[in-house]
Amino acid sequence: MRRWLRRPVVWVPISAVLLAFVAWRSRIWEAGAVLGSPQPAPLVVAVLLNGAIAVLWAIRSSDLLGATGHPVGIGPLVPMTAFANTINNLTPGSAGEVFRAWLLRASHGVPYAAGSAVIVIERVVALGYMAASAAVIWFGYTLGIPAAVQLVLLVLVAASPGIVYALGIRPAGAFGRLPLGGLVGPERWVRAGSVLSRVDGTIAGLLTRPRHLVVFALTTALIFTCYTAQLCLVAASVGITLDPLAAWGALGLATIAGVLSLLPFGLGATDVVMAALLVAVGVPASAAGPITFGYRLVATLPLGIMGTLSYAWLSVRLPSGGSRAVMEAVSAGMADEQADEAS
């Protein structure tokens, strides 16, 4: 599989298709008609923030992987997490993360249970943070809830994953015990349940460690802060001053709507909800659409391009089948997984 993916005849067309899809989704050719003549400086700063977002993704992932006992440096994780973000937006339910788990195993010898646990935390827990924090901030902003109350609620949101797992609740393990063997076959479901149980055990070990939970919560908050700043900068470029709290709430709730739609890049769901929420906080309807469109241009498009280039980079640098170091790392990972199964 690695040798096949390394061939230019494979990764070049796939990269071109990914890039074309991202460009089509962002409707870059409509920029002049929709945005008119925006101030360029805020847009340039918004685009540059994508670099900070990519580094924060890698820092967050590196800390979690290190906590599993399989450390990977921040540098190698920048293209991997950038590609994961793009493929997540293109596949229903973030199914593209399966490829990232394979990349972690193939390139760095990270066992599937450890890689999958980190990926689940980065996707599911981070989305939970986004949904809960956006709801707290949005209703706090629109209903005038005191800032102290909002702060307490946000702290509880940050601590909630650790509290859930500290209480012994195991969501993935419980799912694996459901009587669903008739759908995929009893033996396959038993094996799947075993895998889910191991992954859930790894997740519990990560989320119940205060230092790593704090690092995860802080890096995730910084990532959301960058997203919010991008939206505010787009609004500023068209002469609209957008309250950061309103921007955080609107962007978070709109993103969750797009995720729940299971469509590539939210495919309209995110845009419609975001524009409606911006209007609800006083942004003129004539400006809400261009702001939403502009956010796609400064965030979705650059990150999509970054993810596509990362895919090309990762494809041509996949370890060859004869790489002794990688084979030793993979063998060690397989031994770990076999030991887990035996226990």
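The values are calculated or read from the model by the stated rules, or taken from the named source; none is laboratory data. Just so you know, these numbers come straight off a predicted model, no measurement behind them. A quick note on method: Cβ atoms are made from the backbone with ideal geometry, for glycine too, and the neighbour counts reach across all protein chains shown.
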For the stretch 63-80, indicate whether the set of residues that are of a type in the set (S, T, N, Q) and buried (at least 22 other Cβ atoms within 10 Å of the Cβ) is non-empty. no
Looking at Ala113, Ala106 in this structure, which one is part of a helix (DSSP H, G or I), touching a Pro at 6+ places or on another chain (Cβ under 7 Å) and at pLDDT below 90? Ala106
Which helices (runs of 4 or more DSSP H) does the stretch 181-266 wholly contain that include 3 or more residues that are surrounded by fewer than 16 Cβ atoms within 10 Å (Cβ to Cβ) and at pLDDT below 90? 181-184, 186-207
Within the stretch 102-147, tally of residues that are among the small types (Gly, Ala, Ser) and under 17 Å from Gly66 (Cβ atoms): 7
Pairs, please: C-beta under 6 Å, at least 6 apart or cross-chain, first residue assigned to a helix (DSSP H, G or I) and in the stretch 126-140, second among the β-branched types (Val, Ile, Thr)? Ala126/Thr220; Tyr129/Thr220; Ala131/Ile256; Ala132/Val157; Ser133/Val157
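Anything in the stretch 141-152 that is crowded, with 18+ Cβ neighbours inside 10 Å and either outside any helix (DSSP H, G or I) or at pLDDT 95 or above (or both)? List them, or say none.
none
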